Amino acid sequence: MIKKRFILNFPPESGDKPLSYHLVKDYDIRINILKAEVYPGKMGSLLLELQGKKENIEKGVKYLTQHHVVCEPLDKRIHFQAEKCIDCGNCTAVCFAGALIMNKKTWKLEFDKNKCVVCELCIPACPLKLFEIDFR
Amino acid sequence: MIKKWKIKDFKQDQFFQLRSSVFQLYLKMSKIKTYEEINRKLKSGDAVILTAEEVSKMAQEASPEEIVEKVDVVTTATFGAMCSSGAIINFGHANPPIRMEKIRLNGVPCYEGLAAVDSYIGATACDPDNPGYGGAHVIQDLLEGKDVVLEAWAKGTDCYPRKHIKTKINIKTINEFTLFNPRNAYQNYNVAVNTTKKMIHTYMGTLLPGLRNATYSTSGELSPLLNDPELRTIGIGTRIFLGGAQGFVIWPGTQFHTTKPKNELGVPVTNAATIAVIGNLKEMSSEYLQAAYFEKYGVSMFVGIGIPIPVLDADIARRVSINNGQIETSVLDYGTVGMPKLGQVTYKELQSGAIKVQGKKIRTAPVSSLAKARKIAEELRTWLQNGSFEISKPVQLFPIDTSLNSLNEMEVEND
């Protein structure tokens, strides 16, 4: 069993298909919807946590892709310029998902992208503007 | 039965006599070192230099008297957003010359009231149409060797006929490039929380509603002015680490306040003393000087400052031994006008990740970089060790009895 978060982008024509139902039914994947957004023109984005057998998740992702849904691991959509970070801690003040934490020994920032719930509060909170999240 | 002495049993002058003789005795008992002695040891490579964090640990087992014997210099440091910062720039004269009366650097307004080609760019200055890029960013761009667009206007005079100039400058083309920060390195700072129902954006970061988070600045037991609370060694002329180069303390910082409430160890429990500092930007590095933009607040600059404290006597040894559990600060509600105080906590609690305020557990986060501050304290130690940095006795100590005026509004007559 593995657990992984994905960002799904739905084109207008895939918006009303029961795709998540098939992920559960046909591929035995446990899904957890963490964030969903519908945009003008019937496009939509979804942050999904998928839990299941590795090969089932791979098949499920392939199934989504066949239905023209762009499905990418969350960490590929989060861009953080770590080399410029000064470890000030401002982002940790707003991250309640526990993705951004200060290491209590080194006081350096640690970022576990797979814990992110795309609340996007870190984006304005960072005084050096080092975060970018590609949800849409 | 032993009679308990109370202070009121003494007449006041008796009390002061007693206090002064106890202090004299105390000084006679423990070692006293001079700046010259310590500098000689630094030069010969025999000096023992610890960071303020290391000496706090040492003090768990060693007495102040032992620490004076063992330790010569303690390095302190901080790396936080310090809004009252900026740079003096001399652009050099163009041909034909211009007496610059309105100046922009990459669109950011600079001070135009200093002769023909002198200017001061404040860290927080910005063009309101482009609030995310300000004076601190211009300073950082110049520091990193980038070209910056200089545009200036003038009325034209007999000796400065030119009315307009638009050109590019960089760190090599300008003459003086001096960091001059009127208020840096606050001695202690408040913890910020928000009791309201709305998220607020402040220089202390984003404060979530309903006391969901608390932010704190300063590096606690490593922080410069907390290690010398009475400013016995930090004064006018003190040589310091500033932005990666040697700089100097030149004056008390603005809003210098020495009569704020203190805890039983004599350490202020809120923001108190400050320092004004100066140094050559051409020798500095953006590793220790970083432009910042705080959402819906504005531009600021993270400034790296390190101050060596010579362990001259047992009193100073006791001061530098202070640890996070002994340093307290005030929790203020940034969401309410007047910022009422909600509680008092230690840096040990703040660094543990949660504090308790009004019975509620609140998550904490720093907004100044302890990792960078440690790096500065280490770098300063290296400079001291390799003999490239001498400690300096203040030319003059700061006043000890200052307080602040508020801006009381007065009626202005209509003309």
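Observations on the model:
- Residues in the range A:98-115 that are more than 17 Å from B:Leu208 (Cβ to Cβ), touching a residue at least 12 places away in the same chain (Cβ under 8 Å) and in a loop (DSSP other than H, G, I, E, B): A:Trp107, A:Lys108, A:Asp112.
- Scanning the range A:101-122 for residues that are closer than 23 Å to B:Met301 by Cβ and either out of contact with any Cys (no Cβ under 9 Å at 6 or more places or on another chain) or among the polar types (S, T, N, Q) (or both) yields a count of 2.
- Selection status of B:Ile278, surrounded by fewer than 21 Cβ atoms within 10 Å (Cβ to Cβ) and part of a strand (DSSP E or B): yes
- Number of the condition not met by A:Asp134 [criteria: (1) in contact with a helix residue (DSSP H, G or I) (Cβ under 7 Å, 6 or more places away or on another chain); (2) modelled with pLDDT of 95 or more]: (2)
- Among the candidates A:Leu128, A:Leu46, residue that is part of a strand (DSSP E or B) and either in contact with a Pro (Cβ under 7 Å, 6 or more places away or on another chain) or surrounded by 15 or more Cβ atoms within 10 Å (Cβ to Cβ) (or both): A:Leu46
- Boolean, B:Thr382 is polar (S, T, N, Q) and under 30 Å from B:Arg212 (Cβ atoms): no
- Residue list for the range B:334-348, restricted to those being within 13 Å of another protein chain (Cβ to nearest Cβ) and either surrounded by fewer than 17 Cβ atoms within 10 Å (Cβ to Cβ) or under 20 Å from B:His201 (Cβ atoms) (or both): B:Tyr334, B:Lys348
- Any chance B:Asn263 is out of contact with any Leu (no Cβ under 9 Å at 6 or more places or on another chain) and under 30 Å from B:Lys356 (Cβ atoms): yes
- Residue within the range B:238-253 that is in contact with a Pro (Cβ under 6 Å, 6 or more places away or on another chain), modelled with pLDDT of 95 or more and within 16 Å of B:Ser392 (Cβ to Cβ) present: yes
- Of the residues making up the range B:197-238, those that are in contact with a Ser or Thr (Cβ under 8 Å, 6 or more places away or on another chain), hydrophobic (A, V, I, L, M, F, W, C) and farther than 24 Å from B:Glu53 by Cβ are B:Met199, B:Ile200, B:Leu207, B:Leu211.
- Checked against the criteria, B:Ala115 counts as of a type in the set (A, V, I, L, M), loosely packed, with under 14 Cβ neighbours inside 10 Å and either modelled with pLDDT of 95 or more or assigned to a loop (DSSP other than H, G, I, E, B) (or both).
- Members of the range A:100-117 that are surrounded by fewer than 21 Cβ atoms within 10 Å (Cβ to Cβ), farther than 18 Å from B:Ala81 by Cα and either within 9 Å of chain B (Cβ to nearest Cβ) or not basic (Lys, Arg) (or both): A:Ile101, A:Asn103, A:Lys104, A:Thr106, A:Glu110, A:Phe111, A:Asp112, A:Asn114, A:Val117
- Yes/no for B:Ala214 being farther than 30 Å from B:Phe241 by Cβ and either modelled with pLDDT under 95 or buried (at least 19 other Cβ atoms within 10 Å of the Cβ) (or both): no
- Of all residue pairs spaced 6 or more apart or on separate chains, those with beta-carbon atoms under 6 Å, a first member in the range A:70-97 that is within 14 Å of another protein chain (Cβ to nearest Cβ) and a second member that is buried (at least 20 other Cβ atoms within 10 Å of the Cβ) and of a type in the set (Ser, Thr, Tyr) are A:Ile86/B:Ser369; A:Asp87/B:Ser369; A:Cys88/B:Ser369; A:Ala93/B:Thr215; A:Val94/B:Thr206.
Okay, residues lined up against (1) within 14 Å of another protein chain (Cβ to nearest Cβ); (2) among the β-branched types (Val, Ile, Thr); (3) touching a Cys at 6+ places or on another chain (Cβ under 6 Å); (4) farther than 16 Å from B:Ile275 by Cα:
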{"site": "B:Phe180", "(1), (2), (3), (4)": "no, no, no, no"}
{"site": "B:Asn188", "(1), (2), (3), (4)": "no, no, no, no"}
{"site": "B:Val193", "(1), (2), (3), (4)": "yes, yes, no, yes"}
{"site": "B:Thr206", "(1), (2), (3), (4)": "yes, yes, no, yes"}
{"site": "B:Tyr216", "(1), (2), (3), (4)": "yes, no, no, yes"}
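- Here B:Lys168, B:Lys146 are screened, and the one residue that is surrounded by fewer than 19 Cβ atoms within 10 Å (Cβ to Cβ) and in a strand (DSSP E or B) is B:Lys168.
- Residue in the range B:364-385 that is buried (at least 19 other Cβ atoms within 10 Å of the Cβ), closer than 23 Å to B:Val74 by Cα and β-branched (Val, Ile, Thr) present: yes
- Unmet requirement for B:Asp141, which otherwise passes all of (1) of a type outside the set (Lys, Arg); (2) part of a strand (DSSP E or B); (3) more than 30 Å from B:Asp228 (Cβ to Cβ): (2)
- Every residue from the range B:60-106 that is in contact with a helix residue (DSSP H, G or I) (Cβ under 6 Å, 6 or more places away or on another chain), surrounded by fewer than 23 Cβ atoms within 10 Å (Cβ to Cβ) and closer than 22 Å to B:Leu142 by Cα: B:Asn106
- Among the residues making up the range B:281-295, those that are part of a loop (DSSP other than H, G, I, E, B) and either within 14 Å of chain A (Cβ to nearest Cβ) or modelled with pLDDT under 95 (or both) are B:Ser285, B:Ser286, B:Glu287, B:Tyr288, B:Glu295.
- Number of residues in the range B:356-383 that are within 25 Å of B:Phe294 (Cβ to Cβ) and away from chain A (no Cβ under 13 Å): the value is 1.
Table: residues versus (1) surrounded by fewer than 18 Cβ atoms within 10 Å (Cβ to Cβ); (2) of a type in the set (Lys, Arg).
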site: A:Ile7; (1), (2): no, no
site: A:Glu13; (1), (2): yes, no
site: A:Val24; (1), (2): yes, no
site: A:Lys35; (1), (2): yes, yes
site: A:Lys62; (1), (2): yes, yes
site: A:Glu72; (1), (2): yes, no
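The values are calculated or read from the model by the stated rules, or taken from the named source; none is laboratory data. Every value quoted in this text rests on a predicted model; they were computed, and no experiment measured them. Note that each Cβ is placed from the backbone with ideal geometry, even for glycine, and that neighbours are counted across all protein chains shown.
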